[in-house]
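Below: one structure, written as structure tokens.
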Amino acid sequence: QVQLVESGGGLVQPGGSLRLSCAASEIIFSIYTMGWYRQAPGKQRELVAIITSRDKTVYAGDVKGRFTISRDNAKNTVYLQMNSLTHEGTAVYYCTAARATLNYWGQGTQVTVSS
């Protein structure tokens, strides 16, 4: 059974940083496009960043330059480094793994940006 397990969420002050991790199991990790989405209270889930199997990255416009997605195929793990966080970063962050018609989601990790 495919599992994506996120970690690293928590409470951070505005301007602070967090690093999210997502460990995958039961997939050939290296061939999947991995991504991070988020869902803020009362809003739709939205793309944050993705990284392809060839390490091509795509970012949402409002996180570009502040967030960095990366992957370690040896550890079956994808990361999201989030810097200069603002209140708008408060959301549940979800890890995804996608390939062709297959799409898997993690359970999410809460990030709260508050002073």
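For GLY16, the residues whose amide H sits under 5 Å from its own are LEU85, ignoring neighbours fewer than 5 places away on the same chain, with H placed 1.01 Å from N.
Just check the stretch 1-64 against the gyration tensor rule for me: Cα atoms, a ≥ b ≥ c as the square roots of the eigenvalues, rounded for a/c under 1.5, and otherwise prolate or oblate depending on whether a/b exceeds b/c. Because a/c hits 1.5 or more and a/b exceeds b/c, the stretch 1-64 counts as prolate. For the chain, the solvent-accessible area of protein heavy atoms averages 55 Å² per residue (probe radius 1.4 Å; ligands and nucleic acids excluded).
Think of each Lys and Arg Cβ as +1 and each Asp and Glu Cβ as -1; about the Cα centre, that makes the dipole of the chain roughly 180 debye. In whole angstrom, the chain maps to an equivalent ellipsoid with semi-axes of 23, 14, 13, each derived as √(5λ) from the alpha carbon gyration tensor and ordered largest first.
Got a number for carbon plus sulfur as a percent of the chain's accessible area, 1.4 Å probe? Kindly include the intermediate steps, with their values, before the conclusion.
On the way: 2910 of 6290 Å².
Carbon plus sulfur share of accessible area: 46 percent.
Computed packing ranks the peptides 68-76, 55-63, 88-96 as 88-96, 68-76, 55-63, most packed first, by mean other Cβ atoms within 10 Å.
For the chain, what relative contact order do you get, as a whole percent, if you take Cα pairs closer than 8 Å and at least 6 residues apart? Answer for the chain is 36 percent.
The values are calculated or read from the model by the stated rules, or taken from the named source; none is laboratory data. Only a predicted model underlies this, so the values are computations on that prediction, with no experimental measurement involved. Ideal geometry is used to build each Cβ from the backbone, glycine not excepted, and the neighbour counts take in all protein chains shown. Keep in mind that these areas ignore ligands, DNA and RNA; they rest on the heavy atoms of the full protein, side chains included. Shrake-Rupley method; radii C 1.70, N 1.55, O 1.52, S 1.80 Å.
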